[in-house]
Amino acid sequence: MTSAQPIKILIMRLLNVADVAAIAVPAIRYYQAQYPNAEITFLSFAQGKDIVELAEPNVKHINLGRQDWPDAFIPAMESFLGLAETIVGEAYDQIINLDTSFMPCFLARFLKDAGERVMGNYMSLSVQELIDQFQSQQLKPEYVNDPMAFMLSTFPKMDSLYGAWWQTGDLPQDGFPQHFLQNCCGFTTLKFDMKIAVEPDAELLAQATGKYKVALATNAVPNYPHLNELKQQLQDKGIFVWSEPFTDMPMKQKLAKLAACDLVITPPSEFLWLGKAAGTQTLLISGATEPQILMPDFATDPTGECPACLQQLAANDAPANQLLCNCVKPATVIECVDEIVAAKV
């Protein structure tokens with residue numbers, strides 16, 4: 001490599017869109033600051049590429065479509081081994097796997113054993129050992145499903161990923177993503193930044209002129225069962241509520257809609273992290289999640305698992321005995337919104 005050639009870095013994080021926004025974007029910016037002349041490529045899945053293109057347009061991409069990651073185990077292995085050949089052909093100076101799911105760790109292990117410079121998380125078994133165990137029916141399901149079973153790491157503090165880290169020491173201002181990058185990965189000098197600059201949606205601004213604007217999660221999983229009631233109560237107070245279907249909307253349009261709002265109200269979901277990326281304040285309907293894990297701007301008190309919602313998710317038909325829903329009531333969310341609005345005046 002001559003002095004005129006930049007070093008080539010591949011960063012891998014293939015989980016969902018929210019994960020890419022909250023972890024991959026700050027990590028890419030960290031490596032850009034560490035190696036300002038490097039050529040950085042990001043390995044992503046589905047809409048993950050769209051997030052990074054908006055956040056850091058100079059980054060190159062290897063993007064997997066849904067057909068490239070089959071649900072079946074053997075076809076997925078074959079697809080990722082083909083991907084490994086592509087990666088080896090690019091001759092990266094450093095490959096960094098920030099992912100904690102099985103197939104990216106499988107890929108990282110193959111690349112490591114092939115002599116590539118791999119940093120981060122990788123599968124504990126060699127690929128041949130994995131295949132032998134699978135063929136002899138000795139491969140246990142928990143090995144594939146549980147990072148504690150299959151994952152090793154060159155990051156010495158990756159074990160701090162496990163356990164109730166949010167109950168010890170100083171909480172990171174940006175919750176789990178900052179904990180993962182600074183503590184688990186050891187990026188101690190990282191300046192956590194997941195903001196993505198987008199122009200607020202002009203149509204939404206025009207529709208809501210002079211009104212306080214709330215984005216309400218319509219298809220978060222799991223959903224909030226009192227969504228329609230909450231929406232009506234917000235509208236009755238003169239608040240503009242944007243709650244259009246979100247799943248198939250282009251990423252730039254999603255962020256523009258959220259950027260045009262004053263507040264995002266959502267249960268734990270990608271809606272929360274995209275709201276953060278758009279720079280909009282967030283109100284978490286906590287449910288069973290401890291707010292300290294996600295660190296929204298505002299949150300309702302946790303209510304624990306809702307037996308009625310769990311029953312509804314598990315049953316195809318209406319159950320014979322309806323369980324009582326213990327989800328936070330709309331009136332409680334409205335009280336939070338009133339306090340947030342009053343603080344802005």
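Computed extension gain for ALA342 through ASN16, at 0.36 nm per residue and net of the alpha carbon distance, reaches 113.9 nm. Go through LYS195/LYS257; LYS252/LYS329; LYS191/LYS254; LYS195/LYS231; LYS231/LYS344 and tell me which ones have a Cα-Cα distance over 23 Å in this structure. Table pairs above 23 Å Cα-Cα are LYS252/LYS329; LYS191/LYS254; LYS195/LYS231. The order of LYS254, LYS329, LYS157 by accessible area, most exposed first and with a 1.4 Å probe, is LYS157, LYS329, LYS254.
One Cα centroid belongs to the stretch 225-253, the other to the stretch 140-180; the line between them spans 34 Å.
Every pair of different Cα atoms in the stretch 57-101 enters the Kirkwood calculation, which places the hydrodynamic radius at 12.2 Å. Summing charges over neighbours of GLY287, with a neighbour being any other residue whose Cβ is under 11 Å away from its Cβ, gives -3 when K and R count +1 and D and E count -1. The three principal axes of the Cα atoms in the stretch 92-236 give end-to-end lengths of 63, 39, 35 Å, sorted in falling order. Based on the Stokes-Einstein relation at 10 °C and a viscosity of 1.306 mPa s, and on the Kirkwood radius from alpha carbon pairs, the stretch 104-177 is assigned a translational diffusion coefficient of 113 µm²/s. Put LEU171, LEU258 in order of accessible area, highest first, and with a 1.4 Å probe you get LEU171, LEU258.
Checking every one of the trypsin sites (Lys or Arg not before Pro) in the stretch 80-154 against DSSP loop status and a limit of 15 other Cβ atoms within 10 Å picks out ARG117.
For the residues MET119, MET158, a 1.4 Å probe over the protein chains yields an accessible-area ranking, largest first, of MET119, MET158.
Rg and Dmax over the alpha-carbon atoms of the chain stand at 21.9, 72 Å. When nucleic acids and ligands are ignored and a 1.4 Å probe is applied, GLU339 ends up with an accessible area of around 130 Å². When both the stretch 30-47 and the stretch 110-136 are represented by their alpha-carbon centers, they are found 24 Å apart.
Legend: helices of the chain (whole DSSP H runs) are marked when their alpha-carbon atoms reach 18 angstrom or more along the helix axis and their mean Kyte-Doolittle hydropathy is at least 0.5; marked are 73-90, 330-344.
The values are calculated or read from the model by the stated rules, or taken from the named source; none is laboratory data. Given the structure is predicted, the values throughout are model-derived calculations rather than measurements. Backbone-built Cβ (ideal geometry, glycine too); neighbour counts: all protein chains shown. Note: accessible area is taken over every heavy atom of the protein model, side chains too, but ligands, DNA and RNA are not part of it. Shrake-Rupley method; radii C 1.70, N 1.55, O 1.52, S 1.80 Å.
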